[in-house]
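Trainee: Here it is, the structure, as structure tokens.
The values are calculated or read from the model by the stated rules, or taken from the named source; none is laboratory data. All values reported here derive from a predicted model rather than from experimental measurement. Neighbour counts run over all protein chains shown; Cβ positions are idealised from the backbone, glycine included.
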Amino acid sequence: MMAIDPRTRGLQVLLVLIAAMLAAPVATAQAVVQGDDRIQVYVGAMLLDDQSGELQNESGEPVDIDFSDLFAVGFEVETPYRSKDTGMELGVNAGIGVSWKGSDTKFAGKVDDEGGVAVFRLDNEMLIVEAHIGPYMRAHLGKKVDFYLGAGPAAIYVEHDGDEDDDDESTPDPVFGSDGTIVLEDDSSTDLLIGFYARTGIEYDLGAGKQWGLGVRYLGGEVDFDDTVGQFDLKGLQVLLTYSAWF
């Protein structure tokens with residue numbers, strides 16, 4: 001049986017739910033509006049696309065970066081500027097998100113003319129902190145369901161700390177170990193960049209101006225880890241559970 005990519009599965013689930021909700025009539029007013037801003041908190045997983053980089057040492061071997069999924073939490077603040085009490089709500093949303101993982105990122109690449117491949121086994125920590133702002137649209141589908149879209153620029157801080165496996169012998173410069181594994185020096189890299197985000201999802205009414213739902217977010221930008229694997233494109237899809245309330 002063919003395996004299904006988690007990114008594809010998450011998008012398929014969201015699209016099916018959106019299609020079902022679009023069959024409902026657009027309401028003339030939201031059921032309950034309390035407060036000036038809608039606060040949405042979320043928790044989920046960030047699925048990073050594998051990337052290519054270059055080992056930052058004298059030989060500069062090309063490397064493939066195999067990212068593990070990251071745990072993600074954060075919040076959004078939606079401020080309606082028009083049509084707050086009608087079927088189509090428009091406004092500005094701002095938010096902060098944090099994603100991290102404590103281990104399992106792997107690097108691999110060609111290291112000689114014969115096409116030999118070395119795997120860089122690392123105990124590592126990956127941290128992504130981002131703040132963003134942009135316009136959003138929220139459609140009230142019936143009295144119980146909302147569908148929303150948003151996008152804009154994001155300031156992204158990325159940190160990677162790498163440590164050798166306990167089986168590897170520490171050296172100042174990467175060398176081959178006895179088993180063909182490259183031994184890397186303990187090192188870390190950070191970068192602060194301007195990227196972008198996009199978000200969409202659906203939420204169900206719980207009464208009293210509160211909602212829960214399913215959403216996806218996409219985060220992108222170009223990262224430069226100048227002490228480890230150089231430049232690569234950061235591409236991450238987040239699959240999230242959300243909870244919203246007016247404040």
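Trainee: State which residue is farthest from Ala154 (Cα to Cα) when the search covers only segment 222-236 and only residues that are touching a Leu at 6+ places or on another chain (Cβ under 7 Å) and crowded, with 22+ Cβ neighbours inside 10 Å.
Mentor: Checked segment 222-236; the qualifying residue farthest from Ala154 (Cα to Cα) is Val229.
Trainee: So Gly91 ticks every box in (1) modelled with pLDDT of 60 or more; (2) farther than 16 Å from Ala151 by Cα but one. Which box is left unticked?
Mentor: (2)
Trainee: In addition: Working only within segment 42-62, note down all residues that are at pLDDT 70 or above and either more than 16 Å from Val158 (Cα to Cα) or aliphatic (A, V, I, L, M) (or both).
Mentor: If the condition is that a residue be at pLDDT 70 or above and either more than 16 Å from Val158 (Cα to Cα) or aliphatic (A, V, I, L, M) (or both), then Tyr42, Val43, Gly44, Ala45, Met46, Leu47, Leu48, Ser52, Glu54, Pro62 are the ones that fit.
Trainee: Does segment 99-114 contain at least one residue that is modelled with pLDDT of 90 or more and over 26 Å from Leu192 (Cβ atoms)?
Mentor: no
Trainee: Within segment 189-203, take every residue that is farther than 16 Å from Ala154 by Cβ and in contact with an Asp or Glu (Cβ under 8 Å, 6 or more places away or on another chain) and give me the one that is surrounded by the fewest Cβ atoms within 10 Å (Cβ to Cβ).
Mentor: Thr190
Trainee: Just give me the residues in segment 172-184 being in a loop (DSSP other than H, G, I, E, B), more than 29 Å from the chain's Cα centre (by Cα) and either at pLDDT 50 or above or not acidic (Asp, Glu) (or both), in sequence order.
Mentor: Pro172, Pro174, Gly177, Ser178, Gly180, Thr181
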